[in-house]
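Derivation of every value follows stated rules applied to the coordinates shown; laboratory data play no part. Here the structure is a predicted model, which is why all the values come from computation and not from measurement. All Cβ positions, even for glycine, are placed from backbone atoms using ideal geometry, and neighbour counts span all protein chains on display.
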Amino acid sequence: MPPPDTTAGSPTPEESGGASTGEGVSTQKSDVAKGGATKGVAATELPRGAAPGIRFEKVVKRFGHNVVLRELDFTVGPGERVTLIGPSGSGKTTILRLLMTLEKLDDGLIWIGDETLWHMKRGDKRVPANQKHLHEMRKQVGMVFQQFNLFPNMNVLRNLTEGPVRVLGLSKDEAVERARGLLDMVGLADKIDAHPSQLSGGQQQRVAIARALAMQPKVLLLDEVTSALDPELVVGVQDLLRDIARQSDLTLLCVTHEMTFARDISDRVLMFDQGQIVEEGPPDQIFGEPSEQRTRDFLQAVLAT
Amino acid sequence: MDWNWDFTWEILPELLEGLRTTVIATLCGYVIALVLGLVWTLLRRSPSRILNQTVRWVTEFIRSTPLIPQLFFVFYVLPSWGLTIGPLTAGIITLGIHYSTYTAEVYRAGIADVPKGQWEACTAINLPRSRVWLDVILPQAIRRVIPTLGNYLIAMFKDSPMLLVINVSEVLLVAYQEGGRTYQYLEPITVVGVLFVVVSVISSILVRRLERRYATT
């Protein structure tokens, strides 16, 4: 089993800092006005440079007797944006949770770049990963949750600096500066001292997006990020994510029930059912002329609501 | 049997002195209970089966036996093993350990109440274990249980007269001795009752204030 051909050199986080000033400025444009709240994304804040690809190799995940993923194979290219759709219980969220190490892998291999997430090399054997390996691998991955999961005991600033200071070893000043930049980007610069409970759902989710980006991940996982929002707040968050997706080199995996959003944000759509990929292709194809009956049924059901 | 005010005023200073001892024993014991309870809770979550099961059964044992035999054990049995401590210290330690097995349960419930998403967010930003506990889980868990912990302070205060069995001159023992000296029990015992009501009511008000403060935000 060779590593996937998805890695383009070693990722260097520094590439993002200096080089991007030039192109970042021109981004305050059209869709900014739509949500009202989106301030326009300054690309300086976004991870740049080589993102790793992801590959699932015969991945198995069970919950008790219930097999959620059955020898699943799929690949996501470096910097590719992929949306996973399908009926609930089809294993989409489990895929993201495996990548974030929130669930344990039962069998198979998950590659991030040219390394396996759940296994490490010892000699020429692969043994289950220890905490240290998982910690290292997780540095590349960030996740935004359906329920935001901000830390309610910390204000917005501290939510954004906790990780960079405690995990990445940034100085307080560096972390604060990074947090300010990100808050600016998500349009919440004035909420820096607020507590999560004082924010609307949409604002909380923006902060959560900023918190994930503050760790400068290479892979970003979006798990039904607008499902818990009031309808009028959905568009603002989606616009923000669209901007981020366009202007960063993140490898993006997105689980959503919002088909318009899926169409906008992704290079490729994977349709799941019962832990298997039923159909995959560019959004236009999947949403325009799906070839599988199950995809058609699913889309009809989703669009009917 | 008539109430004797002169006698009441005569014994009041001594009773207040006894009350002071009672309050000191309660507060010191409470600090031990708060700290040790947290230690039990964290040890019970240890991945080492030997450790967490030992802690589980030891705390279960302490919680299921009455305070008085425990006081006797610490004060009369430990010295025969070469560990001699004064009555007040023995009382404080025993009270603290006894109640730590209750506060441990309170902390456990508080930690269980922290939503799963908080742990997952910690994993997602890759926070090390120690920081997960110190910065995220414990602040939220403890906040939730502050009112319950406050109630245990009042419960401990009401249990502290039991220290008289090892001759701690707390308020009830003082009253009892005054009664024995003069064969007048009505005034000393009644005054003890009143003192307990006063302190308990004040503490309840304070605890309720804490409750309001931490329940809102």
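What the table below lists for this structure:
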| item | result |
| --- | --- |
| Within a Gaussian network of chain B (alpha carbon springs, distance under 10 Å), most fluctuating of B:SER200, B:SER46, B:SER169 | B:SER46 |
| The range A:150-216: C-alpha pair distances exceeding 21 Å, % | 11 percent |
| Integer Hz, Karplus 6.51/-1.76/1.60 couplings in order for the range A:245-250, x for Gly and Pro | 4, 5, 9, 10, 9, 4 |
| Relative contact order (%) - criterion: Cα under 8 Å, at least six apart; region: the range B:1-111 | 43 percent |
| Cα lying deepest toward the dipole's positive end in chain B, options B:THR148, B:ILE93, B:LEU78, charges on Cβ | B:THR148 |
| Relative contact order of the range B:5-216, pairs being alpha-carbon contacts under 8 Å that are 6 or more residues apart, as % | 31 percent |
| The range A:150-216: relative contact order as a whole-number percent, Cα under 8 Å and 6+ apart | 47 percent |
| Translational diffusion of the protein assembly as shown, µm² s⁻¹ [Kirkwood Rh, Cα pairs; Stokes-Einstein; 4 °C; 1.567 mPa s] | 48 µm²/s |
| Rounded to 10°, Cα long-axis angle of helix B:186-216 versus longest principal axis of chain B | 20 degrees |
| Crossing angle, helix B:138-159 versus chain B [Cα axis fit, 0-90 degrees, rounded to tens] | 20 degrees |
| Local net charge near A:PRO87, Cβ-Cβ under 10 Å (Lys/Arg +1, Asp/Glu -1) | 0 |
| On Cα atoms only, tilt of B:87-113 relative to the major axis of chain B in degrees | 40 degrees |
| Net charge of Cβ neighbours under 12 Å - reference A:ASN149; Lys, Arg +1; Asp, Glu -1 | 0 |
| Rough spin-label spacing in nm, given labels placed 7 Å along Cα→Cβ, for A:LEU134 and B:VAL35 | 3.3 nm |
| Expected 222 nm ellipticity per residue - DSSP helices of 4 or more, -39500 (n - 2.57), all of the protein assembly as shown, to 500 | -16500 deg cm²/dmol |
| Rounded if a/c under 1.5, otherwise prolate or oblate - chain B, Cα gyration tensor axes | oblate |
| Residues with amide H under 5 Å from that of A:ALA51, placed H, sequence gap 5 or more | A:GLY79 |
| Gaussian network model of chain B, Cα within-10 Å springs - most flexible of B:LEU51, B:LEU71, B:LEU149 | B:LEU51 |
| 14 Å beta-carbon shell around B:THR54, net charge (K/R +1, D/E -1) | +3 |
| Potential extension, B:ALA155-B:THR89 segment - 0.36 nm per residue separation minus Cα distance | 21.8 nm |
| Subset of A:LYS58/A:LYS92; A:LYS92/A:LYS191; A:LYS104/A:LYS132; A:LYS139/B:LYS116; A:LYS92/A:LYS218 violating a 25 Å alpha-carbon distance limit | A:LYS92/A:LYS191 |
| Options A:LEU229, A:GLN204, A:VAL176, ranked by Cα towards positive dipole end of the range A:162-262, top entry (Cβ charges) | A:VAL176 |
| Residue among B:GLY150, B:GLY18, B:GLY86 with the largest mean-square fluctuation in a Gaussian network model of chain B, springs linking Cα atoms under 10 Å | B:GLY86 |
